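The values are calculated or read from the model by the stated rules, or taken from the named source; none is laboratory data. Just so you know, these numbers come straight off a predicted model, no measurement behind them. Positions of Cβ are generated from backbone atoms using ideal geometry, with glycine treated the same way; all protein chains shown enter the neighbour counts. The accessibility values were calculated without ligands, DNA or RNA, using every heavy atom of the protein model including side chains. Shrake-Rupley method; radii C 1.70, N 1.55, O 1.52, S 1.80 Å.
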Amino acid sequence: MLAAKIRLELTDHVQVLSVSDGIEALLGFKPDDFLSGRVSLRERIHPHDQDIADSLFSGDSRQDAGTFNIRLRQADGRIRCIRTDFSKESCPDGLILELLLQDAKSLRQAPGDQTMMATFRAMLENADDYIYFKDRNHVFIWASQSSVSISDSAEHWTDLIGQTDYDVFSEEYADIYYRLEKQVFAGTPVAREIQETLSKDGRKGWVDNRKYPIREDNGEIIGLFGIARDITEQKRSEEKLLENEERLRLALSAANQGWFDVELKTGAVTVSPEYARMLGY
């Protein structure tokens, strides 16, 4: 398991007190890089996780222990998804913050054979929608074969298992997909967004991406599942319609013509700006 421990003193200037040797395998930096101040742990935190960083590095001791999922930038520039266990204790000058950083992929537990029923496998291998399941640390547990079409590094859906979005997509797209997952793990019943995709051959598309929490009987969120439906053709049709409407508007304006529409059942009237302007309204 890739893991490292860091102990810091939270004063006006955060001071690193100790770093375990595991930090080099985890992030690519040597312990002395942090101890000397050449590398700042906080500065390695993904910009979209600054809400977590603010809480973690604050002098507030009301939350003295807990667990976060956070993204850290490694020495090679890539993003690693990290599970962080922390504790805070008072010291004469402020607070001591102890962190246990664990690679999210190392924590993945393979499900039992009974959970992989033949019908479930058939769904994953044949579904047109992008279907996926992840654990609490944003790591793929299962995924549909269709999901491979938007991943450069996977040929079969099993290639996605044990990976995070940052392992199979570009950082730009991984950021987009990760944002909804943060909402789910924060308690949102369903997180939904129209999102852009990029196929292996470089074609852009769109999906209606919806993510839902997976809860244990006690209500604790232990993962999520998502269904992303390809709506590329729908989006292109909508864009073409808007384009045609804009051309019609320009043509009517240039010809000094307008239009009006009356819904006979309701009496609702819609008019173009040109029509109103021609009548002096």
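If you scan region 8-46, which residues turn out to be among the basic types (K, R) and surrounded by 15 or more Cβ atoms within 10 Å (Cβ to Cβ)? Steps first, please.
To start, the set of residues in region 8-46 that are among the basic types (K, R) comprises 30, 38, 42, 44.
Result: K30, R44.
Given (1) in contact with a helix residue (DSSP H, G or I) (Cβ under 9 Å, 6 or more places away or on another chain); (2) modelled with pLDDT of 90 or more; (3) in a loop (DSSP other than H, G, I, E, B); (4) open to solvent by 20 Å² or more (accessible area, probe 1.4 Å), where does E155 come up short, assuming only one miss? For E155, the exception is condition (2).
The residue pairs whose first member lies in region 123-140 and is in contact (Cβ under 8 Å) with a residue 12 or more places away in the chain and on the phi > 0 side of the Ramachandran plot, whose second member is buried (at least 21 other Cβ atoms within 10 Å of the Cβ) and among the β-branched types (V, I, T), and whose beta carbons are closer than 9 Å, counting only pairs six or more residues apart or on different chains, are H138/T164.
Check region 76-84 and report whether any residue there is within 13 Å of L10 (Cβ to Cβ) and open to solvent by 30 Å² or more (accessible area, probe 1.4 Å).
Let us first name the residues in region 76-84 that are within 13 Å of L10 (Cβ to Cβ), namely none.
No, that holds for no residue.
So for region 110-121 (the condition being touching a residue at least 40 places away in the same chain (Cβ under 8 Å) and among the aliphatic types (A, V, I, L, M)), does at least one residue qualify? Give the derivation first.
Step one: of region 110-121, the residues touching a residue at least 40 places away in the same chain (Cβ under 8 Å) are none.
No, there is no match, as no residue in region 110-121 is touching a residue at least 40 places away in the same chain (Cβ under 8 Å) and among the aliphatic types (A, V, I, L, M).
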